[in-house]
1. Between B:Thr22 and B:Met7, what is the spin-label point distance in nm, taking each point 7 Å from the Cα along the Cα→C-beta axis?
2. If the chain between B:Gln125 and B:Lys61 were fully stretched, how many nm would it gain, using 0.36 nm times the residue separation less the Cα-Cα distance?
3. Return the average number of partner chain Cβ atoms within 10 angstrom of each residue Cβ along peptide B:11-19.
4. Work out the length of the dipole vector of the stretch A:1-75 about its Cα centre, built from +1 on the beta-carbon of each Lys and Arg and -1 on the beta-carbon of each Asp and Glu, and round it to the nearest 20 debye.
5. What average number of partner chain Cβ atoms lie no more than 10 Å from the Cβ of the residues making up A:52-64?
6. Across peptide B:120-129, what mean number of C-beta atoms from other chains lies inside 10 Å of a residue's C-beta?
7. Just need the Rg to Rh number for the stretch B:1-75, please, alpha carbons only, Kirkwood Rh.
8. Given a cut-off of 29 Å, name the pairs among A:Lys61/B:Lys113; A:Lys35/B:Lys61; A:Lys69/B:Lys36; A:Lys69/A:Lys113; A:Lys35/B:Lys113; A:Lys61/B:Lys35 whose C-alpha atoms lie farther apart than that in the structure shown.
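All of the numbers you see were taken from the coordinates with simple rules; none came from a lab. Being a predicted model, the structure only gives us computed values, none of them experimental. Glycine gets a Cβ as well: all are built from the backbone with ideal geometry, and neighbour counts include every protein chain shown.
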2 protein chains.
Amino acid sequence: MKNTLRMTHQREVILDELGKATSHPTADSLYERVKKRLPRISLATVYRNLEILSEVGLIRKLEISGRQKRFDWDLEQHDHIYCVQCYRVDNIEIKRDHKFSLPTEHERGYEIKGCRVEFFGICPQCQKKNARSEKKKGAKKMACKPKSCKSGGGCKTGSLSERQREVLAALANCKKSCGSKDIAEVTSLEPKQISCQITALKKKGFVDSPERCKYEITQAGKKALA
Amino acid sequence: MKNTLRMTHQREVILDELGKATSHPTADSLYERVKKRLPRISLATVYRNLEILSEVGLIRKLEISGRQKRFDWDLEQHDHIYCVQCYRVDNIEIKRDHKFSLPTEHERGYEIKGCRVEFFGICPQCQKKNARSEKKKGAKKMACKPKSCKSGGGCKTGSLSERQREVLAALANCKKSCGSKDIAEVTSLEPKQISCQITALKKKGFVDSPERCKYEITQAGKKALA
DNA sequence: TTTTTTGCAAAGAATTTGCAGCGCG
DNA sequence: CGCGCTGCAAATTCTTTGCAAAAAA
């Protein structure tokens, strides 16, 4: 029984590509880069190695923002900022004062291992994207009280909301039917919000779904857009 | 077109159960509780409602620790601490000083929306569990340099490591074949670590896998344990 | 009635695993 | 030449979706 870690070629390439990356790639995007150098490598290998390398301490695994894990080649203590819209992650350096190296000590009996500070916001690119579509934040849905819910706070939308119009326009520009991810890329909306709009648009007959999770604009939709 | 949020019975029960919860439940565990009151409710409904309620601002969605999302009934500004072993999440209150309401300003052009502080460590229960099994941290694998990797740092294990013994013992107590999750519950190891041990144990012929992801101890395994 | 919600089943994304064979040490 | 590692496919886990029926307003 040896149980010794080996430095294989794929391992080395993964490390190297991670080192070269300026951002904090996901396993998946790292896989894409590595595949250019090692076409036969499998995604599973990338996952396995990222996991192993981070256990061993050669790289850092970031568990940020509840989405895909991201990996960081830089082991030094630093914090991150991420974009709530596109989920890119950047480094920030803030001098952490002792004051929150340990909050107080009545920490519910936890044996504290560390602390992470994350800022979030909108990255430059998304800001630009949003400016382009001129409509950063659509009206949120109305709030609603647990018990009665007869609050009169209105929440009506016209027969073709701004969001719907945007999604519809995006679909009009698609040659073929496309998924909500494709739409997300050309609008300011998140995939989740898009699917709501699509549901509404389908009801109105402006959008059709030739296949699960694929949508296209109908003739009626084109007319409505005009 | 109304587009008004309705307070349905299931919505109300979900909110109520979340309010009663002392921890920060996952969608899944909340579903289990709600199901006791509304046996016909579906998991999809729970997910849908948690999403909607958090959009609307009645609850808070926590994106912590890269695992399942968790939900918080308490909307007030507070931070969290979570257990790196079992992933439970508790509240903490630290007075945040202005100093990191905005780190500096050269924040790479981000339009900053907020900041989150998370502590992590080992929760009291897991500490106890670890003490019981008397072996908090097994030897981590050896480190390994990118290029050469001929560092002699040893990392050998005997023919039946402590971990393997523990897993084997857990399997011995199982009446039927069981998955790694079941084993995780009665040992101090995480599922991921367990599967490594199982792989090793299978090679030695101490464990058999009658079905994918189901394991049981063999006669040889029982003998080895003794 | 009209619009929103639900339950269900099936799809989806991200990640992990079993396995047999390859290849490093 | 044995153990660790890889590729591949299939499985797992968590979450979302389409749709028709049911429930609110």
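1. Each label point is offset 7 Å from its Cα along the Cβ direction, giving 2.8 nm.
2. Values: separation 64, 0.36 × 64 = 23.04 nm, distance 2.45 nm.
Roughly 20.6 nm would be gained on extension.
3. Mean shielding by partner chains, rounded to a whole number: 1.
4. On the way: 15 positive and 10 negative charges, 53 e Å.
That gives a dipole near 260 debye.
5. Details: counts 2, 3, 0, 4, 5, 4, 4, 0, 0, 1, 1, 9, 6.
The per-residue average across the peptide is 3.
6. Numbers: counts 7, 9, 5, 5, 4, 1, 2, 3, 1, 0.
Mean number of neighbouring Cβ atoms from other chains: 4.
7. Details: Rg = 12.0 Å, Rh = 12.5 Å.
Value, to two decimals: 0.96.
8. Values: A:Lys61/B:Lys113 24 Å; A:Lys35/B:Lys61 36 Å; A:Lys69/B:Lys36 34 Å; A:Lys69/A:Lys113 20 Å; A:Lys35/B:Lys113 36 Å; A:Lys61/B:Lys35 36 Å.
Over 29 Å apart, Cα to Cα: A:Lys35/B:Lys61; A:Lys69/B:Lys36; A:Lys35/B:Lys113; A:Lys61/B:Lys35.
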